[in-house]
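The values are calculated or read from the model by the stated rules, or taken from the named source; none is laboratory data. Just so it is clear, the structure is predicted and the values come from calculations on it, not from any experiment. We place every Cβ from the backbone using ideal geometry, glycine too, and count neighbours over all the protein chains shown. Side chains included, ligands, DNA and RNA excluded: accessible areas come from the protein's heavy atoms. Shrake-Rupley method; radii C 1.70, N 1.55, O 1.52, S 1.80 Å.
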Amino acid sequence: MKLVILDGHAVNPGDLSWDIFSKYADITVYEKTPQNLVAERIGDADAIFLNKIVINKEILDKCPNLRYIGVLATGYNVIDLKATKERGITVTNIPAYSTNSVAQHVFALLLSFTNLVAPHNQSVQNGDWVKCPHFCYWTSPLTELDGKTLGILGYGNIGKKVEEIATAFGMKCNILLHNPNPSIKNSCDLETFLSKSDFISLHAPLTEETKEFVRAETISKMKDGVIIINTARGPLINEKDVRAALDSGKIKGYAADVVCTEPMLADNPLLGAPNCIITPHIAWAPLETRSRLMQIALNNLKAYIDGKAINTV
């Protein structure tokens with residue numbers, strides 16, 4: 001089997017090894033592939049791995065040998081599934097590999113606003129504590145999480161893990177589901193979710209219904225001083241509306257690991273916004289998490305070779 005890895009750098013920038021796949025295939029690894037070279041690099045390969053490379057009908061028409069596509073991520077919107085199905089191509093993804101790391105990142109971002117570690121450290125490093133006549137000081141009010149309400153949009157693996165951590169902090173959780181389910185504890189309606197949440201964490205997939213869930217209309221119904229965390233998808237928010245709400249103070253803080261266009265564009269309205277923290281899509285990126293991803297990818301490939309494909313989409 002010939003296996004081509006089209007954009008391997010994100011998963012493995014050099015701290016892991018692709019050799020685990022060499023037992024099952026003759027592998028070629030590209031760190032990144034421009035879209036115009038995708039078909040050429042696939043060539044006569046039987047199988048490919050990819051992360052963010054778009055595979056459409058035109059590419060598939062040029063690669064008649066292709067029989068397996070392994071997406072090195074949970075999301076698979078880059079694949080034309082209708083076209084792969086018509087050609088009998090198996091497509092797999094990597095489910096539930098990053099639950100713990102993403103939930104951990106949610107609270108790293110949230111605590112950035114409540115404990116203000118970075119600005120206080122900078123103040124100390126600037127010599128402010130040396131000059132202070134008191135044994136302690138704070139530059140801005142600090143916030144205790146116990147008793148606060150966290151609104152969680154979406155209740156998959158990550159949403160459930162975030163609820164678990166929030167509960168350990170003593171927080172109350174409001175769960176907003178696409179399809180209301182009274183059997184789920186703490187589920188609520190949209191009005192309650194918006195008006196009662198001190199913090200909101202986004203964990204829904206990007207659909208027509210969830211696109212720009214956070215926009216001027218919904219922001220106006222939120223608590224004054226709400227803090228919003230987005231580790232799901234950039235387009236779950238309207239970036240211009242969030243910037244306006246940050247400027248006005250309606251939103252006290254916005255933290256995201258994702259933006260609408262990635263890599264981030266120079267004219268993104270969130271650049272330079274007050275009380276805004278943005279990380280470059282790294283919630284999934286701890287070494288342990290990426291190692292788990294590669295092992296699941298290997299298991300997917302082995303199962304496909306054995307005629308018992310798993311994690312198909």
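For segment 66-130, which fully contained helices (runs of 4 or more DSSP H) count at least 3 residues that are of a type in the set (Val, Ile, Thr) and either farther than 21 Å from GLU262 by Cβ or touching a residue at least 60 places away in the same chain (Cβ under 8 Å) (or both)?
Qualifying helices (runs of 4 or more DSSP H): 99-114.
Looking only at residues that are in contact (Cβ under 8 Å) with a residue 40 or more places away in the chain and part of a strand (DSSP E or B) in segment 194-220, which one is farthest from the chain's Cα centre (by Cα)?
Among those residues, the one meeting the criterion is PHE199.
Of these, THR167, THR139, which one is of a type in the set (Ser, Thr, Tyr) and in a helix (DSSP H, G or I)? Can you show your working first?
Details: THR139 fails: in a helix (DSSP H, G or I).
One residue alone meets the criteria, THR167.
Of the residues that sit in segment 299-313 and are outside any loop (DSSP other than H, G, I, E, B) and open to solvent by 70 Å² or more (accessible area, probe 1.4 Å), which one is nearest to LEU116 (Cα to Cα)? Show your work before the answer.
If we filter segment 299-313 for residues that are outside any loop (DSSP other than H, G, I, E, B), which is where we start, we get 299-305, 312.
Keeping just the survivors that are open to solvent by 70 Å² or more (accessible area, probe 1.4 Å) gives 305, 312.
On the way: ILE305: 51, THR312: 43 Å.
Top of the filtered list is THR312.
Restricting to segment 243-258, count the residues that are in contact with a Leu (Cβ under 7 Å, 6 or more places away or on another chain) and either part of a helix (DSSP H, G or I) or surrounded by fewer than 22 Cβ atoms within 10 Å (Cβ to Cβ) (or both). Let's see the steps before the verdict.
To start, the set of residues in segment 243-258 that are in contact with a Leu (Cβ under 7 Å, 6 or more places away or on another chain) comprises 243, 254-255.
With either part of a helix (DSSP H, G or I) or surrounded by fewer than 22 Cβ atoms within 10 Å (Cβ to Cβ) (or both) added as a condition, the list becomes 243.
Of the residues in that region, 1 qualify.
Any idea which of ILE55, ILE48 is under 20 Å from GLY14 (Cα atoms), of a type in the set (A, V, I, L, M) and modelled with pLDDT of 95 or more? Talk me through it step by step, then tell me what you get.
Numbers: ILE55 fails: under 20 Å from GLY14 (Cα atoms).
Only one candidate passes the filter, namely ILE48.
Could you list, in sequence order, the residues of segment 40-61 that are in contact with a helix residue (DSSP H, G or I) (Cβ under 9 Å, 6 or more places away or on another chain), crowded, with 16+ Cβ neighbours inside 10 Å and farther than 15 Å from VAL78 by Cα?
Matches in segment 40-61: ILE42, ALA47.
Residues in segment 1-39 that are touching a Leu at 6+ places or on another chain (Cβ under 7 Å), surrounded by 12 or more Cβ atoms within 10 Å (Cβ to Cβ) and assigned to a loop (DSSP other than H, G, I, E, B): how many?
Selection size over segment 1-39: 7.
Quick one: how many residues across segment 74-95 are modelled with pLDDT under 95 and of a type in the set (Gly, Ala, Ser)?
1
Looking only at residues in segment 150-193 that are of a type in the set (S, T, N, Q) and open to solvent by 60 Å² or more (accessible area, probe 1.4 Å), which one is nearest to THR218 (Cα to Cα)?
ASN179
Of the residues THR218, THR207, which single one is at pLDDT below 95, open to solvent by less than 70 Å² (accessible area, probe 1.4 Å) and among the polar types (S, T, N, Q)?
Numbers: THR218 fails: at pLDDT below 95.
Selected residue: THR207, the only one of THR218, THR207 that is at pLDDT below 95, open to solvent by less than 70 Å² (accessible area, probe 1.4 Å) and among the polar types (S, T, N, Q).
Please state which one of ALA108, ALA118 is small (Gly, Ala, Ser) and touching a helix residue (DSSP H, G or I) at 6+ places or on another chain (Cβ under 8 Å). Break it down into steps so the answer makes sense when it comes.
Details: ALA108 fails: touching a helix residue (DSSP H, G or I) at 6+ places or on another chain (Cβ under 8 Å).
After applying the criteria, what remains is ALA118.
Please state which one of ILE277, ILE296, ILE282 is in contact with a helix residue (DSSP H, G or I) (Cβ under 7 Å, 6 or more places away or on another chain) and either among the aliphatic types (A, V, I, L, M) or part of a loop (DSSP other than H, G, I, E, B) (or both). If you could, list the steps in order and put the result at the bottom.
On the way: ILE296 fails: in contact with a helix residue (DSSP H, G or I) (Cβ under 7 Å, 6 or more places away or on another chain); ILE282 fails: in contact with a helix residue (DSSP H, G or I) (Cβ under 7 Å, 6 or more places away or on another chain).
Residue meeting the stated conditions: ILE277.
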